[in-house]
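I have placed the structure first, in the form of structure tokens, so that the comments after it can refer back to it.
The values are calculated or read from the model by the stated rules, or taken from the named source; none is laboratory data. Since the model is a prediction, treat every value here as computed from it, not as a measurement. In this analysis, Cβ positions are derived from the backbone assuming ideal geometry, glycine residues included, and neighbour counts consider all displayed protein chains.
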Amino acid sequence: MPAEMTTQPVLSVLEHGESLKSFYFQQRFAVEPGQFVLLWLPGVDEKPFSVSDIADGRMEITVKAVGPMTRAMMAVSPGQRIGIRGPFGRGFSPVGPALVIGGGCGAAAVRYLARRLQRDHVACNVVLGARTAADIPFRDEYAGSATLVTEDGSIGHAGRVTDVLPDMLAQGGYRRACAAGPEGMLLAVRALCEARGLDYELSFERYMKCGVGICGHCAMDGSGLRMCVEGPVLGPRDLLGATDLGRAHRDATGARPASATGADQLCGVDGPKG
């Protein structure tokens, strides 16, 4: 059952940079692209993380240090046991031709989808964006096969993901756009797709606790959808009636901060994937 916690040893760790690493575990359950698992670091916390790939009997989880839990994960070494439960939520539909878009920490969330499509010989184009080259995991692997965008211009195009999307979408030929990243980016992708009549699937973040739809912390106002059950990947019909898009996400207490906007919350610091 997804709610059951098991502890597993870390098989290996791949360091992408000072605060960006991938952790590998034995694959013990089936996972669809876009689904997530809850990791428990004993003595620290339990947080949800997207599965960034499944290959050769191993489950890959890519983590960027943005808060206490993820900073503590940077010290985890092979052989250390981590609690895992899952998978949770609804993932992406692996169909194409697809435009796969990842912004910031969303690059890890769409990696499994891109890899799955490529392994199944389904046509897709990948666009990844971040502040700097160091913030893009597996950037060497994507060289020549994906469009990379960085705000500081350290690799690929200088700017933001949304700067290159209009031209790519104008080329046509896509059946669907699939995206994960900051909510401001997701809303921009939504607007671009709707202007062109293109279907889309977007992976949203909210503060997730139980993972099974009981606590209600991750419910989206207006629609009532629980991100841990009906999400985190949502399509056009799912978003009808949603009233909290672009607003500050609820915190651990269930309150909504008044000072921030959804677009400001890049990785849900100590929230969805902290």
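Data table
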read-out	value
Odd one out for E194 among (1) surrounded by fewer than 20 Cβ atoms within 10 Å (Cβ to Cβ); (2) modelled with pLDDT under 95; (3) not polar (S, T, N, Q)	(2)
Answer residue from segment 213-264, given it is of a type in the set (K, R) and surrounded by 13 or more Cβ atoms within 10 Å (Cβ to Cβ) and is modelled with the highest pLDDT among those	R226
Qualifying position, being within 23 Å of V31 (Cβ to Cβ), out of contact with any His (no Cβ under 6 Å at 6 or more places or on another chain), at pLDDT 95 or above and not aromatic (F, W, Y), among A146, A98, A188, A109	A98
Counted residues, segment 47-59 - those being under 13 Å from the mean Cα position of the chain (by Cα) and closer than 18 Å to L117 by Cβ	4
Selected residue (criterion: nearest to G102 (Cα to Cα)) from residues of segment 189-213 that are in contact with a Lys or Arg (Cβ under 8 Å, 6 or more places away or on another chain) and among the aromatic types (F, W, Y)	Y200
Filter result for D270 (assigned to a loop (DSSP other than H, G, I, E, B) and at pLDDT 85 or above)	no
The one condition in (1) over 20 Å from P68 (Cβ atoms); (2) assigned to a loop (DSSP other than H, G, I, E, B) that I54 fails to fulfil	(2)
